[in-house]
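Here the structure comes first, spelled out in structure tokens, and everything after it is commentary.
Just so you know, all these numbers are worked out from the coordinates, no wet-lab data involved. Since we're looking at a predicted model, the values are computed, not measured. Because the Cβ atoms are built from the backbone with ideal geometry, glycine has one as well, and the counts that use them run over all protein chains shown.
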Amino acid sequence: MKNHRTAGRFGLYAALGLIWPAALPAQTTITAADLFNQVGQYYRAYANATNNTSVSVSGMLGPAGGPQAWDFTSGPSDVIYRFDYLAATNTPNAADFVAAGAQVAEQKTDETAGGAQAWLYFTQDPAKGRLTYGFYDPSFAAGIGGSQAEEVFSSALNDFPATIHYGTTWSSSTTFTNTITFGDPEDPLGGFFSMDLLIAYSATDVVDAYGVANSPGIGFGDCLRVNELVTYDISYDDGSGFQHLETDYVRNYYWLRPGRGIVAQVTSQQSNSAPPDDNFLTATAVVRMFETNHPDGGGGEPGGGIQGLKITLGKNGALLQWTALPSVTSYRVEYTTSAGGGWQAVGDPTTANYFIDAAAGKPDAPMRFYRVVGL
């Protein structure tokens, strides 16, 4: 990948083309360089409101295999999250995680709810992948009625391997504890007591699909889909040792793009009877990346690039329209017949904010993707 910061005024906004191409290489590989693990990186994402835990995802997930196209340009946008990657030592409540081995902290900020924050602590190991040591999240503690926001894992969770490609499988597990309380400790009538919880977390992951993901603000690109089944085995200690309480299941889907990391995540509703189906219809969370400063992303400088690209197919070809920007004097329209690259200019540069490709949509013309470059 080429570093987009070397492009100067090269502003790119890619939109999914007219028709899915006939073939797409399945050799997409995700490595540490594609994920967010460097201090100073960030991304922002749309999500559903946390009090809306029943979001329809009918038609969004798609089947296993490929090639196929996923369109994340529309979806819930009640909440905007910002994820910043910081040195673990420069974050609050980090001492126990740093002592365990964490070097990086992912700081999650809810920009639409007064800046509520949570932190995930990890280290990127060159051979093993991401090793996660725990999290600090007041909302998690509140959700289970726990009294502690800090969760240090009993052992590092190797949740993403160093290299990921179509067909890759892996598993991971760890445990952590919390204490839940019942009643009011200052109630003179009593009735207050506490109980320790032991949560055994395990996950099995498989890269079961591949194709192209199209995202708001950052355009489209090759991607892999990870299908993850998470199991929570929960036990409680009433003073006589831990006893099994319940087993809960959650299914996550992650869409990984080179130079972008996780561009979308969909999480099923929780089940305490059986694992959610692969093709579940309702979700508790839908998260869609729309902005990042991650290098090699092909999205231009943050806040720059071409905006509002729209493609209309008609009998006279394809009409491309976009928002004119005062900082750009002319535009070059390019196309490719493979989402993997091989861009070619269509006609001459134009000062207008529209372009007609007369060759598009004709029976003898290859299927096309487009991008517009600001000059």
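Remarks
- Across the stretch 97-111, computed HN-Hα scalar couplings (Karplus, 6.51 cos²θ - 1.76 cosθ + 1.60, θ = phi - 60°) run 6, 5, 4, 6, x, 5, 10, 10, 10, 8, 9, 9, 10, 8, 6 Hz from first to last residue, x flagging Gly and Pro.
- Inter-label distance, nm, simple model (7 Å from Cα along the C-beta direction), Asp238/Ala274: 3.0 nm
- For Leu245, the residues whose modelled amide H falls within less than 5 Å of its own, excluding neighbours fewer than 5 places apart on the same chain, are Ile234, Ser235, Tyr236.
- Tensor-based shape of the stretch 42-134 (alpha-carbon gyration tensor, a/c under 1.5 rounded, otherwise prolate or oblate): oblate
- Shown in residue order for the stretch 269-283 are the 3J(HN,Hα) couplings computed by the Karplus curve 6.51 cos²θ - 1.76 cosθ + 1.60 at θ = phi - 60°: 6, 6, 10, 10, 10, 7, x, x, 4, 4, 10, 5, 9, 10, 10 Hz (x for Gly and Pro).
- The stretch 217-287: trypsin sites (Lys or Arg not before Pro) falling in loop per DSSP and having at most 10 other Cβ within 10 Å: none
- Those aspartates and glutamates that a straight Cα-Cα span of less than 12 Å connects to Lys128, excepting residues fewer than 8 apart in one chain: Asp159
- Global geometry of the stretch 26-292, whether rounded, prolate or oblate, following the gyration tensor of its Cα atoms and the 1.5 cut on a/c: prolate
- Near-label residues of the stretch 344-372 by backbone N, under 20 Å of a point 7 Å along Cα→Cβ of Ser330: 344-358, 371-372
- Euclidean distance of C-alpha centroids, the stretch 219-263 and the stretch 80-118, integer Å: 20 Å
- Estimated FRET transfer efficiency (Thr168, Asp196; beta-carbon r; R0 35 Å; 0.05): 0.45
- Converting phi to 3J(HN,Hα) with the Karplus coefficients 6.51, -1.76 and 1.60 and the offset θ = phi - 60°, the stretch 210-219 yields 8, x, 10, 10, 10, 10, x, x, 10, x Hz in sequence order, with x at every glycine or proline.
- Bridgeable aspartates and glutamates around Lys310 (alpha carbons under 16 Å apart, same-chain partners fewer than 8 residues away excluded): Asp71, Glu334, Asp357.
- Close amide H contacts of Gly129 (hydrogens built in the peptide plane, cut-off under 5 Å, sequence separation of 5 or more or a different chain): Ala162.
- Full extension of the chain between Lys310 and Glu111 yields a length gain of 68.8 nm, computed as 0.36 nm times the residue separation minus the alpha carbon distance.
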